[in-house]
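Comments concern the structure below.
The values are calculated or read from the model by the stated rules, or taken from the named source; none is laboratory data. The shown structure was predicted, so the numbers you read here are calculated from the model rather than taken from an experiment. Cβ placement follows ideal geometry from the backbone for every residue including glycine, while neighbour counts extend to all protein chains displayed.
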């Protein structure tokens, strides 16, 4: 009787083990169930403002190496000087086609970024002027602080000004993508004709 019980116990154990193997092996045939170097799959992500012992200065957010260019960055090879402004005036022309779609997009961008100071029609009567800030010159009637009429500004001069700013106007290079700057230039030319 004892031998009979041993056979039943061993048989039941063998069936349970076989069933467990079959049940656990059906999940993912590509996985062995072993994970080599789990820290490569489940790493600790640092927030940019968190301290980080991996770097000498203890900061997570690091300055990129010198000469690094961001993906999609388009360099504007004219310095933020009067000479750069004048050179851009002569050499820089719009890089996008003059289409109704681009003009409409330029109007939206102008309304968003430029109209608070320049006004919706480019007359220099934006909302900030009503709060006591100095008015920028009108695109159709005003005179540029760098000399000449605002209605005669070229593509290069307008693009240079959007990129670097002038007088009270700051740079919009970080807020407006290069292609969108060209759309604004296109719309400003429409306002110069008013």
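Just give me the residues in segment 96-121 being in contact with a helix residue (DSSP H, G or I) (Cβ under 7 Å, 6 or more places away or on another chain) and loosely packed, with under 13 Cβ neighbours inside 10 Å, in sequence order.
The one that is in contact with a helix residue (DSSP H, G or I) (Cβ under 7 Å, 6 or more places away or on another chain) and loosely packed, with under 13 Cβ neighbours inside 10 Å: 98.
With the condition kept exactly as written, say whether any residue in segment 50-58 is in contact with a helix residue (DSSP H, G or I) (Cβ under 6 Å, 6 or more places away or on another chain) and either assigned to a loop (DSSP other than H, G, I, E, B) or within 25 Å of residue 165 (Cα to Cα) (or both).
No, segment 50-58 has no match at all.
Look at residue 38 and say whether it is under 26 Å from residue 177 (Cα atoms) and either at pLDDT below 80 or exposed (fewer than 10 other Cβ atoms within 10 Å of the Cβ) (or both).
Answer is no for this residue.
Pairs under 6 Å by beta carbon, first residue touching a residue at least 12 places away in the same chain (Cβ under 8 Å) and at positive phi in segment 140-153, partner assigned to a loop (DSSP other than H, G, I, E, B) and surrounded by fewer than 15 Cβ atoms within 10 Å (Cβ to Cβ), six or more apart or different chains?
So the pair list comes out empty.
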